[in-house]
Amino acid sequence: MIEFRHVSKRYQLSGSVKTILTDLNFRLPKDRNLALIGRNGAGKSTILRMISGTLRPDSGVIVREGRVSWPMGFAGGFHPALTGRQNARFVARIYGTDTDDLVRFVEEFAELGPFLDMPVQTYSSGMKARLAFGVSLAAQFDCYLVDEITAVGDAVFRQKCQRAFTEKLAKSQVIMVSHSEATLREYCQSALVLEAGTMRYFDNIDDGIAAYRTLIAA
């Protein structure tokens with residue numbers, strides 16, 4: 001269960017205020033996979049980070065029951081001076097997962113070869129995403145947060161990610177941000193449409209996408 005209780009979030013941008021959420025009270029359904037939809041800059045990634053706990057709201061609280069992932073593909077939690085292997089072990093300890101099992105999975109899945117034992121600061125953005133995706137899939141979460149991660153790597157690796165992710169979702173919920181309507185329809189049944197500090201829930205994904213299209217056409 002994930003619940004927003006009087007949650008507000010704003011940013012100061014070049015002398016103006018960007019509002020992400022204003023006093024939101026909402027409990028996310030835990031039996032539905034949710035698409036988070038909104039204009040560019042509406043704050044979708046910010047909301048995923050707040051749900052994960054890597055970013056705090058300005059006011060209010062977000063209550064989580066169960067294990068919630070960090071935004072998949074978000075490498076901001078990795079220590080740049082540590083190797084990929086060391087970062088994976090660190091994550092395993094935080095989430096109470098067997099370190100050897102997690103590192104073994106990441107080593108096989110991420111396909112980083114000798115780079116797994118090199119500092120993350122030497123990685124390309126694609127390599128960081130592979131590491132982040134591998135670490136995310138190595139641990140079992142009740143809710144996975146996904147931010148455009150399906151575009152990682154070449155076609156073969158994307159298919160590998162898709163298969164592994166689909167297996168995880170047999171037991172878990174997903175909250176997903178993607179610019180691909182086809183991807184959202186593939187994984188999600190319902191939608192959250194973000195606009196001007198508010199978030200509207202649509203039980204049917206097609207209704208949510210239609211509402212978003214109407215919004216941007218206005």
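Throughout, read-outs are computed from the coordinates displayed, never taken from laboratory work. Everything quoted here is computed from the prediction, not taken from an experiment. All Cβ positions, glycine included, derive from the backbone under ideal geometry; neighbour counts span all protein chains shown.
Annotations
- Cβ-placed point charges (K, R +1; D, E -1), dipole of the chain about Cα centre in debye, nearest 20: 460
- ARG64 versus ARG93: modelled label distance in nm, points set 7 Å from Cα along the beta carbon direction: 2.0
- Annotation: lysines with alpha-carbon distance below 17 angstrom to LYS171 (same-chain offsets under eight excluded): LYS30.
- Label reach from THR54 (point 7 Å along Cα→C-beta): in region 7-21, no amide nitrogen lies under 12 Å.
- With a simple spin-label model that places each label point 7 Å from the Cα along the Cα-to-Cβ direction, the separation between ALA81 and ARG5 comes to 3.9 nm.
- Those lysines that a straight Cα-Cα span of less than 18 Å connects to LYS160, excepting residues fewer than 8 apart in one chain: LYS128, LYS168
- Each of LYS160 and GLN140 was given a label point 7 Å from its Cα along the Cα-to-Cβ line. The distance between the two points is 2.3 nm.
- Note on SER125/ARG213: beta-carbon distance plugged into 1/(1 + (r/R0)^6) with R0 of 30 Å gives a FRET efficiency of 0.50.
- Here is the size of the chain from its Cα atoms: Rg then Dmax, 17.6, 53 Å.
- Cα-Cα pairs of region 14-137 separated by more than 17 Å (percent): 63
- For region 20-72, the spread of Cα positions along each principal axis, largest first, Å: 28, 24, 21
- Extension gain for the segment MET118 to LEU169, taken as residue separation times 0.36 nm less the Cα-Cα distance, is 15.2 nm to one decimal.
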